[in-house]
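Everything on this sheet refers to the single structure shown next.
The values are calculated or read from the model by the stated rules, or taken from the named source; none is laboratory data. All values derive from a computational prediction rather than experimental measurement. Because the Cβ atoms are built from the backbone with ideal geometry, glycine has one as well, and the counts that use them run over all protein chains shown. We work out accessible area using only protein heavy atoms, side chains counted, and drop any ligands, DNA or RNA first. Shrake-Rupley method; radii C 1.70, N 1.55, O 1.52, S 1.80 Å.
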Amino acid sequence: MRVLRIVVVAAVFAFFGAGCSGDDEPTSRPTPVVTSTASGDAVEPSGPPPVTAGPATATASWPDGVTAKLVAVERVPSSWGVDVPESRTIVRLTVEVHNGGQAALPVAPSSRQLTLLYGPQLTEAAAVTGHKYPDPAEQTKKGLSADGDTRIPVGGKSRFVESQTVPMDAVDDLTVVVELPSIFGTRTPYTLTGVQRLVKLVR
């Protein structure tokens, strides 16, 4: 028993002796991974790629601080549109865009911010034209489109209304692709799925 205890103590001394040197030099650490930029300067590794899809209730967001959210998805009477066949129904979408960036966001007049898709094949919905009503209140209620601001200031919000038609039997499978303008280059689209869960019937 005494022999075993001596062997254990010797092993412990041998282990710690190997890990500690007399010159007190720090142990080596792994070298951090860096990537190089076009200028040759070392930078920290980039973060995860931005999210480009989410459920219909999600707020679409981009690295520059711009966000967008569906605030209304409505199935409106076909009579509010011009020459809408009985086999199709109108889906009116309202999106609110918030500019949380550091520069004003320009938006071209009458530009489309949303693309409505339906079915498992993600078929693009058809464009639809609405009637014009002389009464402003009626136009607000029955209008199928409304342009927001053409320039969204920093910290500002703007709403856009767009309508498209889908087959009657396709209202239960809807997807919306949000395509907003960008100050520089092209903005990556954001896909919202399960949009049919937000549909409300308007009469």
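General observations
- Surface share of carbon and sulfur [accessible, 1.4 angstrom probe, percent] for the stretch 48-186: 54 percent
- Chain lengthening between S111 and D83 when straightened (0.36 nm per residue, less Cα-Cα): 7.8 nm
- Q102-L122 pseudo-label distance in nm [points 7 Å out on the Cα-to-Cβ vector]: 3.3 nm
- Coil-residue chymotrypsin sites (Phe, Trp or Tyr not before Pro) of the stretch 91-196, DSSP, other Cβ within 10 Å capped at 11: F184
- Using a probe of 1.4 angstrom and keeping all protein chains present, the accessible surface of the stretch 137-199 works out to 52 square angstrom per residue.
- Using the Cβ-Cβ distance between A137 and S182 with R0 set to 30 Å, the FRET efficiency works out to roughly 0.25.
- Positive minus negative residues near V71 (Lys, Arg vs Asp, Glu; Cβ under 15 Å): +3
- Linear extension gain, K200 paired with T129, 0.36 nm per residue minus alpha-carbon span: 23.5 nm
- Spacing of the modelled spin labels on V171 and T150, each 7 Å from Cα toward Cβ, amounts to 3.6 nm.
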